[in-house]
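A.B. asks: Below are the structure tokens for one structure; questions will follow.
Each reported figure results from applying straightforward, stated rules to the coordinates on display, with no laboratory input. These figures come from a predicted structure and were not determined experimentally. Here the Cβ is made from the backbone with ideal geometry for all residues, glycine too, and neighbour counts use every protein chain on show.
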């Protein structure tokens, strides 16, 4: 049975990339978040820039930005977008949790939710990679879309 209401399924039931050519160009912003969970002592080192592998937060920020820019290469049906801004921020919300937030902005025909989610996910994975040698209790939790908005240009 073919479900024609799914935007990534064509009239023959095949997976296809959505045609956005008839959609209006609008200003779009998507915000995503996730949490990196580790022992308090590990996060002390992380926040002080004292991890054995180097400055993990700076590395994770760059990794998140790059991941958002490469989202269309990582997720097969995503459109390549000329991103206007990608921001990746880290906030220690309690002794064992760091909140990772990404905000992605574009003026385009399609949204940037996947880019924001990818930025958070790859930033979290980078923190995991940069801290796994000192803490085996690491976790990544709660990656989700927080908000998305669009306004006419």
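A.B. asks: Would you kindly state how much longer the chain becomes between residue 139 and residue 25 on full extension, computed as 0.36 nm times their sequence separation minus their alpha carbon distance, in nm to one decimal?
C.D. replies: Extra length from residue 139 to residue 25 when fully extended: 37.2 nm.
A.B. asks: Suppose a student asked you for the relative contact order of the stretch 26-133, using Cα pairs under 8 Å spaced at least 6 residues apart; what percent would you report? It would help to have the intermediate numbers written out before the result.
C.D. replies: Values: 210 pairs, mean separation 46.9, N = 108.
Relative CO of the stretch 26-133 lands at 43 percent.
A.B. asks: Still on this structure: Rounded to the nearest 500 deg cm²/dmol, what is the calculated helix-only ellipticity per residue at 222 nm for the chain, with -39500 (n - 2.57) per DSSP H run of length n ≥ 4? Don't skip to the end; give the middle numbers.
C.D. replies: Details: 4 runs with 45 residues, N = 153.
It lands at -9000 deg cm²/dmol.
A.B. asks: Let me ask another. Expressed as a whole number of Å, what is the distance separating the alpha-carbon centroids of the stretch 110-149 and the stretch 37-84?
C.D. replies: 7
A.B. asks: Helix 56-69 against the longest principal axis of the chain: what's the angle in degrees, Cα atoms only, rounded to the nearest 10?
C.D. replies: With rounding to tens, the tilt is 10 degrees.
A.B. asks: Moving on. Translational D (Stokes-Einstein, µm²/s) of the stretch 103-153 at 25 °C and 0.890 mPa s when Rh comes from the Kirkwood sum over C-alpha pairs?
C.D. replies: On the way: Rh = 12.9 Å.
Reported coefficient: 190 µm²/s.
A.B. asks: When N is the residue count of the chain, what does its C-alpha Rg come to as a fraction of 2.2 N^0.38 Å? Walk me through the intermediate numbers first.
C.D. replies: Numbers: Rg = 17.8 Å, N = 153, 2.2 N^0.38 = 14.9 Å.
The chain yields a ratio of 1.20.
A.B. asks: Calculate, for residue 146 and residue 70, the FRET efficiency according to 1/(1 + (r/R0)^6) with r their C-beta to C-beta distance and R0 25 Å; round to the nearest 0.05.
C.D. replies: Taking R0 as 25 Å, the efficiency between residue 146 and residue 70 is 0.70.
A.B. asks: A further question follows. Using the alpha-carbon atoms, what tilt in degrees (0 to 90, nearest 10) does helix 113-131 show relative to the longest principal axis of the chain?
C.D. replies: Result, in degrees: 20.
A.B. asks: While we're on this one: Just want the ordering: 75, 100, 31, from fewest to most Cβ atoms lying within 10 Å of their own Cβ.
C.D. replies: So the residues, fewest neighbours to most, are 75, 31, 100.
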